[in-house]
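Computed from the coordinates by the stated procedures, all read-outs in this text should not be read as laboratory data. Just so we're clear, the structure is a prediction, and the values are computed from it rather than from any experiment. Cβ coordinates were reconstructed from backbone atoms using ideal geometry, including for glycine residues, and neighbour counts include every protein chain displayed.
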Amino acid sequence: MSRFVDRVVLHLSAGDGGNGCASIHREKFKPLGGPDGGNGGHGGDIILEVSPQVHTLLDFHFRPHMKAQRGANGAGDHRNGARGQNLVLQVPAGTVVMSEQGEVLADMTTEGMRYIAAAGGHGGLGNAALASRARKAPGFALKGEPGERHDVILELKSMADVGLVGFPSAGKSSLVSALSAAKPKIADYPFTTLQPNLGVVNVGHDTFTIADVPGLIPGASEGKGLGLDFLRHIERTAVLAHVVDAATLESGRDPISDIEALEAELAAYQSALDADTGLGDLRDRPRVIILNKADVPEARELAEFVLEELQEKFGWPVFIISTVARQGLEPLKYKLMEIVAEHRRNRPKQKAEQRTIVRPKAVAGQREFVIEADPEIPGGFLVRSEKAERWIRQTDFENDEAIGYLGDRLAKLGVEEALAKAGAQEGCTVTIGELSFEWEPTTIAGVDTPLTGRGTDVRLERRERTSASERKRASQVRRGLIDEYDYGDGQVADRERWEG
Ligand SMILES: Nc1nc2c(ncn2[C@@H]2O[C@H](COP(=O)(O)OP(=O)(O)OP(=O)(O)O)[C@@H](O)[C@H]2O)c(=O)[nH]1
Ligand SMILES: [Mg+2]
């Protein structure tokens with residue numbers, strides 16, 4: 001075990017959504033039934049899940065490219081495409097997920113916690129689902145959306161079982177070095193340690209990890225010294241060990257006041273912690289007291305003098321050691337191992353129903369779309385809208401009806417009107433996401449599209465009977481329960497809508 005902070009960049013591609021199907025029902029003696037094209041299945045998500053069986057990010061270093069399955073295409077006879085399988089990646093507790101820009105997306109603290117790191121694309125609706133009163137038999141279907149493709153950074157923070165806290169130069173790094181194979185920097189000036197060092201301690205057949213935390217001083221919680229940020233590294237420890245310099249000659253310092261001062265800083269830090277990290281209160285963590293530098297005669301004398309008082313006052317086990325002379329290390333080691341083992345046994349096992357799923361943050365309060373002048377094309381306009389960009393990805397531009405449907409949706413959203421208000425002239429260039437087109441009111445991509453009656457296949461004119469689902473839908477539209485054009489794209493609830 002060498003690396004303290006483990007870090008890896010993952011290249012994720014979630015599954016693409018399957019395409020919707022455009023199909024017309026056929027039966028003997030009834031050649032032209034209603035539209036019966038099924039929906040495409042959703043693409044699989046890439047999900048990170050905290051597993052107690054995983055302790056490092058090592059596997060990801062060798063396999064950083066991850067891909068989830070795509071959704072199957074819809075088919076005729078109302079057959080929906082199967083959902084693409086999710087790809088679940090197991091990560092150790094303590095993994096922090098960040099965007100490429102370094103923004104923290106999720107702090108994976110507790111067992112079973114899940115985070116959708118890349119969402120699969122929505123499957124496209126088939127023409128059966130797109131049918132409505134005004135569009136009895138759509139001759140098109142929506143394309144599946146591509147799954148999310150991006151990089152995320154995983155960082156594994158401390159996995160230390162034992163966290164050493166103490167004033168600068170108390171001998172924390174010396175103790176890590178005496179107990180483990182780690183060789184942290186040791187020096188007689190304060191704040192030698194700027195980042196925690198992790199060591200692995202072997203006790204019989206068992207092991208625990210130990211980390212020295214950079215020196216704490218009174219006022220650290222207000223930013224004095226190095227501040228408290230690095231205490232994040234000991235949030236997950238099983239036990240906190242106070243390392244006390246019994247040989248210090250600084251006035252006003254003695255073991256009892258040193259410990260009290262640090263406890264006050266830890267308490268201040270705990271209050272500043274996020275309410276629910278799932279890690280429990282730092283103040284409830286078991287403690288031990290380590291009186292160091294007992295090779296110095298005055299220090300040993302002082303240590304022996306305060307031993308009982310410390311035990312009584314705090315109720316924690318006290319050890320007198322010297323890292324330099326390697327005295328008193330064995331009993332300390334065994335006691336720490338005992339507390340760590342006890343902690344491991346009692347670690348609350350989370351039940352499946354307590355699992356937390358974190359979804360990527362939704363951009364709340366955002367307007368449906370924003371119109372801006374295009375800085376690159378004189379007289380042109382940019383329409384920024386997540387929804388509209390999604391609609392464009394769903395559109396089959398080979399199909400005039402599909403393009404017309406897109407035009408309807410944009411008009412319905414108010415884009416047409418807003419463009420006119422913003423001063424858009426007929427023929428100017430409007431850009432939405434990947435798509436640029438010459439703007440004509442109620443027209444997109446130059447295809448003339450009247451607003452009603454679109455999508456009626458002339459061969460179907462004679463068809464009198466409407467299907468049950470079509471009647472249901474029409475009645476829902478009349479009663480104002482659903483919007484004729486709005487298929488609820490982007491809403492989580494509708495993800496389940498056509499899962500079969
Ligand atoms: N005499 C004596 N000196 C020690 C002992 N342990 C550490 N020291 C000395 O104390 C000084 C500080 O030791 P470090 O281990 O760097 O202390 P630290 O707590 O990690 O200090 P920071 O990283 O600055 O917070 C060094 O000069 C060590 O050699 C000991 O048991 N006896
Ligand atoms: Mg140090």
Chain lengthening between GLU250 and GLN53 when straightened (0.36 nm per residue, less Cα-Cα): 66.2 nm
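What do you get for GluC sites (Glu not before Pro) in segment 367-418 restricted to DSSP loop and a cutoff of at most 15 other Cβ within 10 Å of the site's Cβ?
GLU368, GLU376, GLU398
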Summed side-chain charge close to SER436 - residues other than SER436 whose Cβ falls under 11 Å, Lys, Arg +1, Asp, Glu -1: -4
From phi via Karplus (6.51, -1.76, 1.60), per-residue ³J(HN,Hα) for segment 181-196 in Hz, x at Gly/Pro: 7, 5, 10, x, 6, 10, 7, 8, 10, x, 6, 5, 8, 9, 10, x
Pairs beyond 19 Å (Cα-Cα), from LYS293/LYS333; LYS172/LYS293; LYS172/LYS333; LYS67/LYS387; LYS224/LYS293: LYS67/LYS387; LYS224/LYS293
Segment 120-157-segment 174-237 distance, computed between alpha-carbon centres (Å): 50 Å
Long-range amide H partners of ILE47 with built H, under 5 Å: LEU87, VAL88, LEU89, ALA117
Full-extension gain in nm, ALA267 to VAL88, via 0.36 nm per residue minus C-alpha separation: 60.7 nm
4 °C / 1.567 mPa s Stokes-Einstein diffusion coefficient of segment 162-346, Kirkwood radius on C-alpha pairs, µm²/s: 79 µm²/s
In order through segment 136-152: 3J(HN,Hα) via Karplus (6.51 cos²θ - 1.76 cosθ + 1.60), integer Hz, x for Gly, Pro: 5, 9, x, x, 8, 9, 8, 7, x, 7, x, x, 5, 10, 6, 9, 10
Cleavage-rule hits, trypsin sites (Lys or Arg not before Pro), segment 140-196, DSSP coil, Cβ neighbours within 10 Å at most 15: LYS185
Amide H contacts of ARG79 (H built 1.01 Å from N, under 5 Å, at least 5 apart or other chain): GLY38
